[in-house]
Amino acid sequence: MPQHIVIMAGGKGERLWPLSREGKPKQLLSLGGEKTLLRKTFERVQPLVLPQQIYVVTGSDISEQVRKELPELPKENILVEPFPKNTAPCIGYAATVIAQKNPQAIMVVLPADHSIADEEGFRRALRFGFASLEQHPEFLITLGIVPDHAETGYGYIAPEQPICGRDGFSLRKVKAFHEKPDAKKAKKYIQEGYFWNSGMFLWRVDVILREFGAYLPLMHEHLLALNSTLNRDRNAVTDFYKNVEAISIDYGIMEKAKDVAVIPASFGWSDIGSWDSIGKILPHDAAGNTVQGDVVSYESANNVVWATEKKLMLIGVEDMVVVEGEEAILVCPRERSQDVSTFLKKMKKEF
């Protein structure tokens with residue numbers, strides 16, 4: 001079966017504010033290198049498929065920037081969302097486009113803002129997923145990351161016994177999905193052999209569209225309408241997004257579907273979901289400080305410090321995040337960096 005890869009690049013990346021902001025969200029940032037996260041995601045899958053088989057779903061406000069980042073992509077492979085409605089409409093839209101070419105194709109769904117250290121290991125996991133779908137086309141497959149610590153910032157997957165396996169990988173039925181836990185529950189999940197929920201998926205296009213019909217029937221009706229008008233009505237996509245609810249693929253389908261499987265894998269994965277995670281994946285100095293730009297630290301340890309135009313000076317500071325953006329400076333404890341997005345929503349509402 002042919003493979004198509006869909007990169008979701010429509011998020012705002014608010015948890016990396018103030019560096020990430022409207023007009024230049026996280027996926028368009030270069031963190032610890034010259035290439036943006038989106039560009040890295042694209043290059044990571046290039047050995048698997050041709051550019052014509054790669055699609056990017058993104059927002060109308062950054063679609064031109066995405067085109068400049070990925071000039072290899074055909075123009076029609078950049079699918080523009082008129083406004084964000086979470087991952088289920090995004091995936092349904094992309095699946096409908098691919099179904100017009102080959103409804104039995106395999107569809108891989110990847111966020112644009114992940115960090116992966118072992119890229120060949122990642123590709124081997126996807127190749128095993130392709131082979132698994134040849135044998136078990138009924139499954140919705142997710143990649144589960146084998147955890148190396150009790151992380152409270154990720155959701156977890158409870159697996160059942162393996163269905164099949166080869167080359168060091170196995171396909172296991174999913175027993176349940178669990179939300180982000182507290183520290184005590186995270187340790188329990190680790191002891192019970194759970195995996196981190198990476199938000200990366202593989203399935204056949206016709207199968208995922210069938211599952212929309214089963215668990216999101218109203219959205220499925222609008223997908224059918226989109227399919228019939230996509231190539232002759234320039235307002236078809238806008239009408240679809242106006243008429244569907246904002247819901248994630250996890251809540252809408254994955255947590256309800258019967259035939260869901262997980263491929264456990266280890267390839268140095270992080271979803272770069274906070275400034276604290278930046279400190280874990282990028283290099284640090286002898287005192288544990290991860291710094292970017294003109295930074296001077298004295299008797300300071302385990303900080304994440306990002307300077308853009310000004311010199312930042314730290315004295316006697318530990319376990320903090322200090323980030324200079326174009327319009328604001330963020331200062332918070334590393335353990336609270338997951339709360340940046342919540343703070344921004346509160347600030348917009350109250351101020």
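We did not get these values from a lab; they are worked out from the coordinates using the rules stated. In this text the structure is predicted, and so the values were computed from the model without any measurement. Counting neighbours? That spans all protein chains shown, and the Cβs are built from the backbone with ideal geometry, glycine included.
If a residue must be in contact with a Leu (Cβ under 8 Å, 6 or more places away or on another chain) and closer than 21 Å to Gly293 by Cβ, how many such residues does region 40-56 contain?
0
Criterion first (surrounded by fewer than 16 Cβ atoms within 10 Å (Cβ to Cβ) and either charged (D, E, K, R) or free of Cβ contacts under 8 Å to residues at least 24 places away in the same chain (or both)) does Asp259 satisfy it?
yes
Please give the number of the condition Gly279 fails out of (1) of a type outside the set (Ser, Thr, Tyr); (2) out of contact with any helix residue (DSSP H, G or I) (no Cβ under 7 Å at 6 or more places or on another chain); (3) crowded, with 17+ Cβ neighbours inside 10 Å.
Of everything listed in (1) of a type outside the set (Ser, Thr, Tyr); (2) out of contact with any helix residue (DSSP H, G or I) (no Cβ under 7 Å at 6 or more places or on another chain); (3) crowded, with 17+ Cβ neighbours inside 10 Å, Gly279 misses just condition (2).
State yes or no: is Arg210 surrounded by fewer than 19 Cβ atoms within 10 Å (Cβ to Cβ), free of Cβ contacts under 8 Å to residues at least 24 places away in the same chain and not in a helix (DSSP H, G or I)?
no
Return the pair list, or none, for Cβ contacts closer than 7 Å from residues in region 171-193 that are over 11 Å from Ile157 (Cα atoms) to residues that are surrounded by 11 or more Cβ atoms within 10 Å (Cβ to Cβ) and of a type in the set (A, V, I, L, M), at least 6 apart or on different chains.
Leu171/Ile163; Leu171/Ala261; Leu171/Ile263; Ala183/Ala150; Ala186/Ala150; Lys187/Ala150
Hey, which of the helices (runs of 4 or more DSSP H) in region 1-115, taking only ones fully inside, have at least 1 residues that are free of Cβ contacts under 8 Å to residues at least 24 places away in the same chain?
Where helices (runs of 4 or more DSSP H) fall fully within region 1-115 and carry at least 1 residues being free of Cβ contacts under 8 Å to residues at least 24 places away in the same chain, they are 37-45, 63-69.
Assess whether Lys242 counts as being outside any loop (DSSP other than H, G, I, E, B), within 30 Å of Arg336 (Cα to Cα) and of a type in the set (D, E, K, R).
Here the answer is no, as Lys242 does not meet what is asked.
Out of everything in region 307-343 that is touching a helix residue (DSSP H, G or I) at 6+ places or on another chain (Cβ under 8 Å) and more than 21 Å from Tyr154 (Cβ to Cβ), what residue ends up being surrounded by the fewest Cβ atoms within 10 Å (Cβ to Cβ)?
First pass over region 307-343, keeping only residues touching a helix residue (DSSP H, G or I) at 6+ places or on another chain (Cβ under 8 Å): 319-321, 323, 330, 332, 334-335, 337-338, 340-341.
Now drop any that are not more than 21 Å from Tyr154 (Cβ to Cβ), which leaves 320, 323, 330.
Values: Met320: 21, Val323: 25, Leu330: 18.
Looking at the filtered set, the residue picked out is Leu330.
Among (1) in contact with a Gly (Cβ under 9 Å, 6 or more places away or on another chain); (2) not in a strand (DSSP E or B), there is one condition Pro159 misses while meeting the rest; what is its number?
The failed condition is (2).
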